[in-house]
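One structure is given here, and the rest of the page talks about it.
The values are calculated or read from the model by the stated rules, or taken from the named source; none is laboratory data. Just so it is clear, the model here is predicted, and its values are computed rather than measured. Keep in mind that these areas ignore ligands, DNA and RNA; they rest on the heavy atoms of the full protein, side chains included. Shrake-Rupley method; radii C 1.70, N 1.55, O 1.52, S 1.80 Å.
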Amino acid sequence: MKTKKVGAAGRFGSRYGKKIRKNFLKVESEKAAGWSCPRCLKKTVKRESAGIWYCSSCRHKFAGKAYKPA
Ligand SMILES: [Zn+2]
């Protein structure tokens, strides 16, 4: 469920504080955005787990940062 002001962070209600939810929104939107693969340059990179990124196009798996590939 989304709310107009806090977006996907709305599911937390008023918990965790404004600042943390704001940070979460940034991280969450970056996670969903899709990153381009360093090998095939397609935007098919998804986060597999924290720091591990996987390209569904060329099956390239690589290490990156927790919330963004590099
Ligand atoms: Zn690729």
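Taking the C-alpha atoms only, the angle from helix 18-33 to the longest principal axis of the chain is near 30 degrees.
Annotation: extensible slack from LYS65 through ALA50 equals 4.7 nm (criterion: 0.36 nm per residue apart, minus Cα-Cα distance). Mean separation of Cα pairs under 8 Å and 6 or more residues apart, divided by the residue count, gives the chain a relative contact order of 19 percent. Can you pull the percent of the chain's accessible area that's carbon plus sulfur, 1.4 Å probe, other chains left in place? Carbon plus sulfur share of accessible area: 56 percent. A convex hull fitted to the Cα coordinates of the chain yields 93 cubic angstrom per residue.
For the chain, the solvent-accessible area with a 1.4 angstrom probe is 76 square angstrom per residue.
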